[in-house]
1. In debye to the nearest 20, how big a dipole does the chain give about its Cα centre with +1 on each Lys and Arg Cβ and -1 on each Asp and Glu Cβ?
2. Counting other beta carbons within 10 Å of each Cβ, put Leu470, Leu66 in order, fewest first.
3. Counting other Cβ atoms within 10 Å, keep those with at most 13, restrict to DSSP loop, and tell me which trypsin sites (Lys or Arg not before Pro) in segment 243-299 are left.
4. Just to confirm the filter: which GluC sites (Glu not before Pro) across segment 265-366 are DSSP coil and have at most 16 other Cβ within 10 angstrom of their Cβ?
5. Count the net charge of all other residues whose Cβ sits under 15 Å from the Cβ of Arg236, scoring Lys and Arg as +1 and Asp and Glu as -1.
6. Projecting each Cα onto the charge dipole of the chain (Lys/Arg +1, Asp/Glu -1 at the beta carbon, about the Cα centre), which of Pro107, Thr243, Val448 comes out farthest on the positive side?
7. What are the ³J(HN,Hα) values, in whole Hz, obtained from phi via the Karplus relation 6.51 cos²θ - 1.76 cosθ + 1.60 with θ = phi - 60°, for each residue of segment 421-426 in sequence order, with x given for Gly and Pro?
8. Kyte-Doolittle mean at least -0.5 and Cα extent at least 24 Å along the axis: which DSSP H helices of the chain qualify?
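Every number in this text was worked out from the coordinates using simple rules, so none of it is lab data. For clarity, every value in this text was computed on a predicted model and none was experimentally measured. Every residue, glycine as well, gets a Cβ built from its backbone with ideal geometry; the counts of neighbours run over all protein chains shown.
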Amino acid sequence: MGWGMVRATARGGMMRHGRALVKVVMVMALASGAASGQLVLRADQLLPPLRALHGINKGPLAPGGLVEVTAAQTALHPPLTRLHDCHWPVPDVVDIHAVFPNPQADPSRPESYDFRQTDAYIAAVRATGAKVLYRLGESIEHTPVKRFAHPPADTERWVQVALGIIRHYNEGWANGHQWGIRYWEIWNEPENRPSCWSGTDDDYYRLYAAASRAIRAHDARLLVGGPSVGASGWFRDGRFEPTEFVATFLRRARDGNWPLDFFSWHCYTNDPTELVARSTAVRQLLDQSGHARSESHLNEWNYLPDADWHGGSREATPAERERYYQRMSGDEAATFVATALLELQAAPLTAANLFHGEVGPFGLFTEQGSTRPIYDAVLAFARLLDGPTRLAVDGAVPGKLAAVATLAGDRRSVTLLVTNYADAREDLTLTVGGLPWTGATSYEVRRVGTGQRLSDEPTQGRLEAGALGLGLRLPRPSLALVVLRAE
């Protein structure tokens, strides 16, 4: 095996406070493979294209009308925005009660509906370029008094209201639109009681059966699904056991021939590998229960500090809550989210929606609309998608260290996203081979973590022709977006 010395001239210099990002190192030839602490980018080995699994919940119009984040959401190129908990905690859009304020009104009459604010909300979502998943139902209610999280008093009337909403947004009814919304989800977390549903399992099954059949009969081109469960099941001794609610729902949907174009489920965790494991388990469950054609949607997920909800609960102290939500949007959350988006590429999912893309707790933005580090994670992933060709990268460690690279359409640049969520090795060597160009290569590195943001000035440099190697210091938790360009 030969050794090659790489020469480089650095632009941008060393970061202050000892945070040097890139240094030129002596590297082994590619024949040596990915050794310990080493990432090997094999630009001549192509993988299946990267999938846009960075959907979000909630649109860019924040509650109250004073803040909107349309430009920042648009920069993410979100593939799918799910409409749930919009304008929470006082939702005045999307929810059935907001669109159809008088539950005793006639669903066949346009004047029974108030579409005005929801029209503006969905128009803003569409302006970001995202497709829409419309959740038919109500938002979560954490207050002691539940006003809307109840089974409909009149199921048939509720179904007709749902059809009225579909007609308004897809068929122009009631001074509406031709927006072609395909995904329609029936309720949210009906097993999460009483915050989301005060009824029984059977109450929900009846609602789903009636609504899904009516939607399918109205327009067979639409995709209807649910039940948007927060609790899908548990792993015991390596086996996935679905909850009784999920198992019964899938059995009844099969036996009753209920339309189930997509099965939606949620997962909040601090372990990226759990998202992949659950995705695999849910897919197997659907296949084995007669729903092989149903899509699997992980349409709520996010980082859960310490895998514990206490920090954000009513019982937590103000200081605990503040710290908790800082962690949910800071460096560790950003690194978790980026790691998960990379590792979910191997998961059998059709769609995934981070919760959420609006302002406030759990969100990508502060209450004032400033981006948080977690936003940078999604933005870094979106930049990978600018390259249509995915390249092989060796050396990742599931749940700890992740790396994905893509090649630009003009074959003149490579973008690499590396995340260190939980790997003790903070000094990494990136070896590059098989680039589709000869001659010198310029590089830039942007980081998220240890006080740095993606928008900060990058470290830049130039690598002479020949074997390429970069030393990358990546303390956990942090991520780096590396761009190599032909000169």
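1. I would put it at about 1360 debye.
2. The fewest-first ordering by Cβ neighbours comes to Leu66, Leu470.
3. Arg293
4. Glu315
5. -2
6. Highest projection toward the positive end goes to Val448.
7. Each residue of segment 421-426 in turn: 7, 8, 8, 5, 7, 9 Hz.
8. Correct list, ordered by number: 272-288.
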